[in-house]
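> Take a look at the following structure, please.
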Amino acid sequence: MGARRGRDYDAWFRVTWAAVHRMVYADPAGAVETLKVFLAADDRLSYPPEVDRYMKLVRDLAFTGQLPAARAVLDEWQERSAGAADALIRQGRRMVAALESLDTDPGGTLASLDRLVSELGCPRCLHWERAEIAERAGDLTRAEELCVESMSVADDWRTFPLHRVMGHERLGRVYEAMGRNRAAAAHYARFSELWADADPDLQPRVRAARVKAATLAASVGED
């Protein structure tokens, strides 16, 4: 990973939160690029090894599909921490290992992550990420449950209020796939209302949600 100089936590927050927001915006390529630039910087910050700032970087890398980079960060963290962060590092390695099967077995990945957060006694951990994986696995009931929970704890430090907006778009998709058109229409409509003044590059999604809401609402009226 190379030597790190300085402890500019503000820079760390700017970079990692930018990456997380891009993931939530459904722009994983943008998140990957943000994190790659951060990792390549000669003057990137140095984390005190006794704290879990490494873990957040590992999580962001892992959930954007950069598993080798996540493992490299874990290796560096373990070397620097001299045993002080072994428990966190083990958790990180289990998380990365679970994601190795995401493309071929999303249901298995979800089960592994569920076990991990249960053993950690942190039922609110990774709500948003697990909701996405459940949707990919076709486990719509679980996707609904996790998405609703993610939206309900959106002021927690592990997440942010943006989930309360994006969650409506996800629930629209989930309910549509369930055939619950009335609920789907309501969530698509709410998403388009909350993001009516979103940036221009996001407006196509707003328009698509608005069309979905109208179409599904009309289909309910025809029943």
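> Report the full-extension gain for the segment D105 to A18: residue separation times 0.36 nm, less the Cα-Cα distance, to one decimal in nm.
In short, 28.5 nm is gained.
> Still on this model: Full extension from D27 to S152: what is 0.36 nm times the residue separation minus their Cα-Cα distance, to one decimal in nm?
My answer for the length gained is 42.7 nm.
> Can you put C125, C147 in order of Cβ neighbours within 10 angstrom, beginning with the fewest?
The most exposed by this proxy come first: C125, C147.
> Please identify the GluC sites (Glu not before Pro) of the stretch 54-101 that satisfy two criteria: DSSP loop assignment and at most 16 other Cβ atoms within 10 Å. Which are they?
E100
> May I ask for the equivalent-ellipsoid semi-axes of the stretch 73-202, computed as the square root of five times each C-alpha gyration tensor eigenvalue and listed largest first in whole Å?
31, 18, 13
> Determine, from the Cβ-Cβ distance of K36 and D86 and an R0 of 35 Å, the FRET efficiency 1/(1 + (r/R0)^6), rounded to the nearest 0.05.
E between K36 and D86, to the nearest 0.05, is 0.80.
> In addition: Roughly how many nanometres apart are two label points built 7 Å out from the Cα toward the Cβ at A214 and D199?
Using points 7 Å along Cα→Cβ, the separation is 2.7 nm.
Throughout, read-outs are computed from the coordinates displayed, never taken from laboratory work. Keep in mind that this is a model prediction, so the values were computed, not measured. Every residue, glycine as well, gets a Cβ built from its backbone with ideal geometry; the counts of neighbours run over all protein chains shown.
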